[in-house]
Amino acid sequence: MEGKMDIKYDNFGFYKINIDYVKYLHSKDSQVFYDNTPDYSRKPYLGLITQLGGYKYCMPLTSAKPRQLGWANITEHNYVIYEYIASSEIHVNDVYKQVGTDKFKKLLSVLEIRKMIPVDDTLYDFFDFSRIADTKYKDLLEKEYNFLKSFKNDILNKAEMLYHKQSNTNNIKPCYCNFKLLETAFSQYKTEQIGKTEAAATITASKIEAAAAKKNSSW
């Protein structure tokens, strides 16, 4: 493939992304997943993919929905994550369909490669399953991780092809993130954060100087 990039994984696993950063990206590209709910900051992303246009990228997992039961398990842009269960294992709010005698396909989530976002070391935290107190949530994450691990190389190849094709053609398909736009937004966000840090430091320094001047004037 012309222009093929030498991408790879850096510590393959699940990550949490800074929710303020995700919200910022969403304000620039509505295709970035974001929801203003209390637990949304726990949303897992698969990563880290490096050397995509010189950036690190993470891919979001989205919760299972009934409409996804009709989706193909694997496409160029996503992976439907599922398990097979018996009727006795079905719980309220599960998303499932019967596929055999007392055999049901239960959807766990979907990995959305087309929704991947650029990140750096200051914007993510690694999911350490051993430190998750919520056993139900931990069990779900481990199932999702083990499912995706078997497709590790295929996912990497799809991410590369998808990114490369969009970069070369500038054709942004419906429901796809605009990666170049997000990379610009990433740079803008980092610049704004640096500006806020410097402004806070200036204010703190001014307060210290004012306090010192006041103390000296009282002597």
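The values are calculated or read from the model by the stated rules, or taken from the named source; none is laboratory data. Please read all numbers here as calculations on a predicted model, not as lab measurements. No Cβ is skipped: glycine too gets one built from the backbone with ideal geometry, and neighbour counts run over all protein chains shown. Ligands, DNA and RNA are stripped out before the accessible areas are found, and what is left, the full protein with its side chains, is counted by its heavy atoms. Shrake-Rupley method; radii C 1.70, N 1.55, O 1.52, S 1.80 Å.
Take the conditions open to solvent by 90 Å² or more (accessible area, probe 1.4 Å), part of a helix (DSSP H, G or I) and out of contact with any His (no Cβ under 8 Å at 6 or more places or on another chain) and apply them to Ser88. Does it pass? Before the answer, list the steps.
On the way: open to solvent by 90 Å² or more (accessible area, probe 1.4 Å): yes; part of a helix (DSSP H, G or I): yes; out of contact with any His (no Cβ under 8 Å at 6 or more places or on another chain): yes.
Considered against the rule, which asks whether it is open to solvent by 90 Å² or more (accessible area, probe 1.4 Å), part of a helix (DSSP H, G or I) and out of contact with any His (no Cβ under 8 Å at 6 or more places or on another chain), Ser88 comes out as yes.
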Top-ranked residue in the range 66-85 [being assigned to a loop (DSSP other than H, G, I, E, B) and open to solvent by 60 Å² or more (accessible area, probe 1.4 Å); ranked as farthest from Asn153 (Cα to Cα)]: Trp71
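Can you tell me which residue is farthest from Gln188 (Cα to Cα) among those in the range 109-135 that are open to solvent by less than 20 Å² (accessible area, probe 1.4 Å) and in a strand (DSSP E or B)?
Of the range 109-135, the ones open to solvent by less than 20 Å² (accessible area, probe 1.4 Å) are 109-113, 115-119, 123, 127.
Cutting the leftovers down to in a strand (DSSP E or B) gives us 109-112, 117-119.
Numbers: Ser109: 31, Val110: 29, Leu111: 27, Glu112: 24, Ile117: 14, Pro118: 12, Val119: 13 Å.
Top of the filtered list is Ser109.
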Would you check if Ser30 is hydroxyl-bearing (Ser, Thr, Tyr), assigned to a loop (DSSP other than H, G, I, E, B) and closer than 18 Å to Glu112 by Cα? yes
Among the residues of the range 136-181, which ones are in contact with a Lys or Arg (Cβ under 8 Å, 6 or more places away or on another chain), among the charged types (D, E, K, R) and buried (at least 18 other Cβ atoms within 10 Å of the Cβ)? Glu160
Among the residues of the range 43-65, write down those that are part of a loop (DSSP other than H, G, I, E, B) and not hydrophobic (A, V, I, L, M, F, W, C). Lys43, Pro44, Gly53, Gly54, Lys65
